[in-house]
Amino acid sequence: MKFSVDKHDKYVSLKLEEPKFTNDNAPGLKSEFYLLNAEGFQNIIVDLSQVTECNDAQDLSCLLVGDRLCKSAGGLFIVTGINDELASIIELSNIFQSVTFVNTLDEATDFIFMEELEKEFRGAK
């Protein structure tokens, strides 16, 4: 499985560099979510912009693991870069009811920074 990880102070972004989202790379992605969470990252952005094919909604269930890990750590899990084919599978799977989806990486980072500012404003670091 090919992916890149870009670590920042407030978040980490993970970009899947594969054309297909399959049951071959989903477990590796899930493992990476656990590792990043164990390193203390509570905000994770997953960029799926290079993914053009996903044949089974079950493969996308690893995103629910990332979402659960981030939420339990008080953070955000955001998925970006969804094309039309992935959007239809996501809609069928109802994952969109749990996971936050945005159009671009910039929107995802803005979302995280706004959430972090709100936490600071409320006094809950």
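The values are calculated or read from the model by the stated rules, or taken from the named source; none is laboratory data. Bear in mind that the values here come from a model prediction, so they are computed numbers and not experimental data. FYI the Cβ positions are ideal-geometry reconstructions off the backbone, even for glycines, and counts take in every protein chain you see. Ligands, DNA and RNA are stripped out before the accessible areas are found, and what is left, the full protein with its side chains, is counted by its heavy atoms. Shrake-Rupley method; radii C 1.70, N 1.55, O 1.52, S 1.80 Å.
For this structure, a couple of remarks:
- Across the chain, the relative contact order, built from alpha-carbon pairs under 8 Å that are at least six residues apart, equals 24 percent.
- Cα long-axis angle, helix 84-93 against the chain (0 to 90 degrees, to the nearest 10): 80
- Spin-label zone in the range 85-114 - amide nitrogen under 20 Å from a point set 7 Å from the Cα of N55 along the C-beta vector: 85-93
- Among (1) 58; (2) 35; (3) 28, the entry that matches percent of Cα pairs over 22 Å apart as calculated here: (3)
- Taken about its Cα centre, the chain carries a charge dipole of about 520 debye when Lys and Arg each add +1 at the Cβ and Asp and Glu each add -1 at the Cβ.
- If R0 is taken as 35 Å, the Cβ-Cβ distance between N103 and K71 corresponds to a FRET efficiency of 0.95.
- Relative to the longest principal axis of the Cα atoms of the chain, the long axis of helix 26-38 makes an angle of roughly 10 degrees.
- Average accessible surface area per residue within the range 1-60, 1.4 Å rolling probe, Å²: 51
- Surface composition of the chain: carbon plus sulfur atoms contribute 49% of the solvent-accessible area (1.4 Å probe, protein chains only, all chains present).
- Multiplying the residue separation of E17 and F113 by 0.36 nm and removing their Cα-Cα distance gives an extension gain of 32.0 nm.
- Residues in the range 53-86 that a label on N94 would reach, taking backbone N under 19 Å of a point 7 Å out along Cα→Cβ: 56-68
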